[in-house]
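Contents: one structure, followed by commentary.
Bear in mind that the values in this text are calculations on the coordinates, not laboratory data. Bear in mind the structure is a predicted one, so any value in this text is a computation, not a measurement. We place every Cβ from the backbone using ideal geometry, glycine too, and count neighbours over all the protein chains shown.
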Amino acid sequence: ARCPKRGALLPPFYPGLACVPSMDPSPSPGAARWVILLLTCGGLFGQFYAFDNPSALNEQMQQDFSWDSQFQYHFNLLYSVYSFPNVLLPLAMGLAVDWCGYRSLICALGFCVVLGHAMVSLGAAASSWPLMIAGRIVFGLGGESMQVAQSCLLLRWFKGKEVAFALGVNLSVARAGSVLNDVVSPWAASRWGVPGALWLGTGLCVLSFASNVASTLLDKTEGMKAGLSEAANEEEVSIRDVLKLRRQFWYLAGLCVAIYCAILPFNNIASAYFVETAFAGLPLAEAQQRAGNVMSILFLVSAVGTPPFGVAVDLVGMRSQFLLGCGVLLTFTYTAMPLLPPAVSMLCLGAVYTVFAGALWPAIALVVAEKQLGTAYGVATALQNTGLAFTPLVVGHLQTSAGAGSFGPVMHLFSLLGAIGTAFAVLIYHTNKATLGVLDLPSEQAALGAAKLHEEEALVLAAQTKEIASYL
């Protein structure tokens with residue numbers, strides 16, 4: 001989905017802050033917008049809780065599926081099939097908004113989330129991998145796109161300076177659902193089993209669906225009273241523009257894939273990793289609960305740190321330095337993880353996850369021309385989901401081949417991804433020096449510098465085109 005009046009696809013995990021529409025603030029529509037913001041937060045909370053249900057229940061599920069020698073492969077497949085549809089969905093979301101409207105789309109996507117997680121819960125009760133995998137596909141059809149559809153609604157109510165705040169709060173509250181899942185799901189599974197813990201997630205998805213429906217109804221009625229114009233798309237994602245994207249963008253996209261594929265797939269197996277390594281000497285139930293508590297640190301840091309760090313980046317810039325620091329810290333964390341306390345490891349990953357998102361997505365908006373933003377965000381999102389679709393399969397294969405309790409090959413993979421990310425960050429740092437250092441300027445100065453740079457590039461391109469035409 002694109003920002004109204006701008007055409008920029010909203011980036012995942014840290015949406016909107018890099019594609020704020022350049023519109024004058026509308027007359028304040030009163031308290032309704034804050035109620036709508038609260039409802040949209042509730043609309044994502046249950047979805048984020050349910051998405052990470054399997055990761056918090058890895059060890060418990062392994063006990064229930066003890067008959068399956070390919071458990072790790074099938075478990076990681078639950079995350080791969082979620083990402084496969086979203087390789088192309090980000091590029092089609094704009095058309096979907098045009099076709100059925102963002103309100104209908106939010107309701108349809110919310111229903112997919114509820115139906116998909118209910119299928120996962122039924123599959124767990126029946127010990128059926130096919131039903132669980134099918135449920136994750138349906139869940140993925142709704143889950144990944146819900147956030148961008150919601151952003152169309154929020155951008156209608158929060159214009160000018162407040163849109164970054166609204167989208168940041170929306171994401172932070174949603175991430176609180178991930179934190180709650182890591183703490184509550186092991187506890188719920190110890191009392192009601194894995195199916196009971198998953199049904200708890202389904203119940204929260206139902207509440208989120210009701211919250212999303214309420215937000216669309218309130219948006220329609222109060223929007224008419226306030227005289228707000230409907231959100232609309234004015235630009236289409238152009239595949240032809242992909243070939244025109246600058247080299248620096250491709251470095252950023254490569255860094256995006258490397259970092260996210262190093263963090264999120266590890267979180268999928270973190271419960272099993274900590275239970276079988278750092279907490280191996282504890283009773284199983286206690287080890288599982290402590291692993292869940294430690295896992296919650298990653299998203300807790302993200303939920304608390306995302307809004308203030310976004311403000312900090314706006315004020316100080318230094319995006320290329322932050323990205324390079326993320327690559328170095330990520331590589332160090334995975335290399336030293338066997339020696340680090342689990343809480344320290346997850347704190348480092350949470351810091352990387354938060355700082356990286358806050359620096360990356362605004363950086364993309366600075367290295368591509370405004371008319372290419374839709375294409376740029378679409379390509380970056382598609383590449384990220386491609387990586388997140390295949391990396392869990394590789395992780396599952398490595399775990400199955402290494403045997404139970406052996407995580408060496410998997411940790412080497414994550415360290416390698418961190419090193420690849422560091423290499424991309426070094427390239428970004430050096431190319432930034434050759435482009436007026438735009439990425440390291442505060443946001444206002446960076447926007448002016450980027451506009452000047454794009455204008456100069458357009459003039460050079462026009463001159464080259466004219467010269468070529470003169471020879472023909």
| Under 19 Å from a point 7 Å along the Cα-to-Cβ line of residue 343: which residues of region 277-303 have their amide N that close? | 277-283, 286-303
| Spacing of the two label points (7 Å from each Cα toward its C-beta) at residue 321 and residue 108, in nm | 4.7 nm
| Protection proxy ranking, peptides 52-64, 332-344, 196-208, average beta carbon neighbours within 10 Å, highest first | 52-64, 196-208, 332-344
| message | Which residues among region 413-455 fall inside the zone where the amide N is under 20 Å from a point 7 Å beyond the Cα of residue 394, along Cα→Cβ? | response | 413-427
| message | I'd like the FRET efficiency for residue 402 and residue 285, computed as 1/(1 + (r/R0)^6) with the beta carbon distance as r and R0 of 22 Å, rounded to 0.05. | response | 0.30
| said: Could you tell me the calculated FRET efficiency between residue 451 and residue 66, based on Cβ-Cβ distance and R0 = 45 angstrom, to the nearest 0.05? | reply: 0.15
